[in-house]
Amino acid sequence: MSLLKNVGTIGGLTAVSRVFGFARDIMLARVLGAGLAADAFQLAFTLPNTFRRLFAEGAFSVAFVPLYSRALHGNDGAPGSEAAAERFANDVLGVFVWVLLGFTALCMVAMPGIVWLLAREYAEVPGKFELSVFLSRVTFPYLGLVSLVAMLSGLLNARSRFGPGAAAPILLNICLISGILTGHFLRGDSGDDVVVVHALAAAVSLSGVAQLVYMAWETRRAGVRLKVSVPRLTPEVRKLGMLILPATFGAGIYQISQLVDTFFATSLPQGSLTLLKLADRLNQMPLGIVGIALGTAILPMLSRHIHTGEKEEAQRLQANAFEIATLLTLPAAAALAVCAPAFCTAFFVGGKFTPADGAIMANIVVALVAGLPAYVIVKVLNPGFFAREDTRTPVWTALASLIFNIAVNLYVVERYGIVGLAGATAASASLNCLLLYAILHRRGWFRFTGALAGKIARQLLATAVMTGVLWVLMPLLADHYGGPWFARIWSLLVLVIAGGAVFFGAAFAIGALDKSLLAQLRRRRPARTKADDEILEVE
């Protein structure tokens with residue numbers, strides 16, 4: 001399986017999930033607007049999602065996948081086996097389940113204190129704090145459920161079965177869309193937004209059940225039999241714990257940064273948190289499709305090359321992933337920055353979401369996408385550490401970024417509000433990216449070659465040409481972005497098609513994208529080892 005095929009599988013299914021998520025947020029904006037109930041739900045949804053990224057998709061996955069891959073495929077000449085891998089997974093599951101249950105129960109009991117720490121200003125608005133606590137308690141079981149989903153996803157990823165893990169989030173968005181529709185129906189003509197967010201909160205936890213059932217079925221289809229047993233701290237489980245601790249701290253710093261942003265956003269005028277989360281949805285579209293897909297695909301492959309001593313192949317794999325990341329995210333970031341007013345107006349303005357809300361949201365999008373390339377490249381660089389079981393180094397880069405983020409927020413939030421907060425987030429992500437690369441380069445684990453620099457320079461030139469065209473088109477279509485649905489759709493299609501055609505045409509003309517690229521991406525080397533067949537050949 002080539003890197004391109006793996007990225008295509010993950011990215012394609014993630015794209016489907018993001019489209020459903022985008023539809024969910026459009027419906028949410030129109031049904032709830034940017035008010036009290038919307039802010040309360042966004043906070044309640046942020047809490048389990050933050051801990052999910054911290055424990056499940058962050059620290060646990062990056063530590064579990066290399067160890068499970070080693071047990072399955074072997075290391076340094078030592079053979080692996082299905083029995084060893086299954087034994088390791090069952091031992092981990094036996095500990096992981098009880099840790100999750102205890103943590104979830106503890107947080108649900110302490111929820112008033114947690115909400116107060118993050119959003120104490122909510123107590124100044126009658127009913128807002130109490131609603132936030134209630135909704136957070138309803139949504140928090142999602143953490144435990146989706147953490148188990150992440151474990152099963154990591155297990156399948158190590159077996160090069162990337163589809164199920166990428167497809168599972170689709171169920172989340174389907175459940176949330178159903179929750180919005182159900183809440184809107186139950187609300188009727190009363191206009192009571194609380195009814196809608198109650199249905200939404202219940203849908204969050206139900207989606208965790210749906211995802212876990214689906215992933216358990218896919219795991220059995222793959223021939224893996226897991227069972228929950230009495231916790232046993234075997235040497236392998238203890239080693240996983242030793243890797244998780246620094247990885248949790250590293251991922252925790254990033255998630256603390258997200259909570260810091262939430263803290264600052266809740267101190268701003270009502271609706272600010274909702275506008276930030278909705279703007280981040282536009283930013284997350286390319287990040288999820290490209291960044292998460294690349295990071296997920298290269299981690300097990302990079303682990304194999306490193307464990308078998310194939311340093312040149314590891315370098316080539318990361319260079320290829322880096323080039324693909326910039327090829328897709330540089331034009332995406334530029335296009336989103338130029339066209340943010342069009343997208344925010346056409347997709348979100350309507351119902352309870354006002355044109356003024358759309359204008360603020362567009363400015364937030366511009367600030368966020370300034371860091372989009374950095375967000376994605378971090379996903380490519382981090383596996384260079386994780387595949388070597390070095391989960392400590394990213395801690396220090398993330399810590400430096402967190403300190404920088406807090407310092408900048410203290411200055412810009414008071415002066416520039418929610419837009420300043422988004423800009424600080426982008427700047428801190430860029431700092432983290434630079435620090436990660438500098439350390440990889442210094443250790444000789446990954447080097448930025450002249451050929452790669454030349455490709456990226458050509459990509460930047462093609463991006464500049466596309467940006468100029470979009471800058472001219474935007475005002476010409478301005479009257480249609482807020483018009484009837486048909487006018488909104490065709491005006492956006494003109495921007496998307498024109499931007500895409502100009503970028504790829506210019507990229508092809510100046511050598512950032514040539515005729516042989518796709519053939520090189522798909523080509524396989526003569527099989528010397530099983531891992532060799534997974535190398536993406538770009539010369």
Relative packing of peptides 176-184, 477-485 - highest average C-beta neighbours within 10 Å first: 176-184, 477-485
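Are there GluC sites (Glu not before Pro) in region 312-386 that DSSP marks as loop and that have at most 15 other Cβ atoms within 10 Å, and which are they?
For GluC sites (Glu not before Pro) across region 312-386 that sit outside H, G, I, E and B with at most 15 neighbouring Cβ atoms in 10 Å, the list is empty.
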For region 376-513, projected area of the alpha-carbon convex hull averaged over all directions, nm²: 11.8
Length released on extending from ALA110 to LEU461, taking residue separation times 0.36 nm less the Cα-Cα span: 121.1 nm
Centroid-to-centroid separation of region 159-232 and region 380-411 [C-alpha atoms, Å]: 30
In region 412-476, trypsin sites (Lys or Arg not before Pro) in a DSSP loop with at most 14 other beta-carbon atoms within 10 Å: ARG447
Alpha carbon centroid spacing (whole Å) that separates region 99-150 from region 434-505: 38
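Only the coordinates and a few stated rules stand behind these numbers; no lab work does. If you're wondering where the values come from, they're calculated on a predicted model, not measured in any experiment. Cβ: placed from backbone, ideal geometry, glycine included. Neighbour counts: every protein chain shown.
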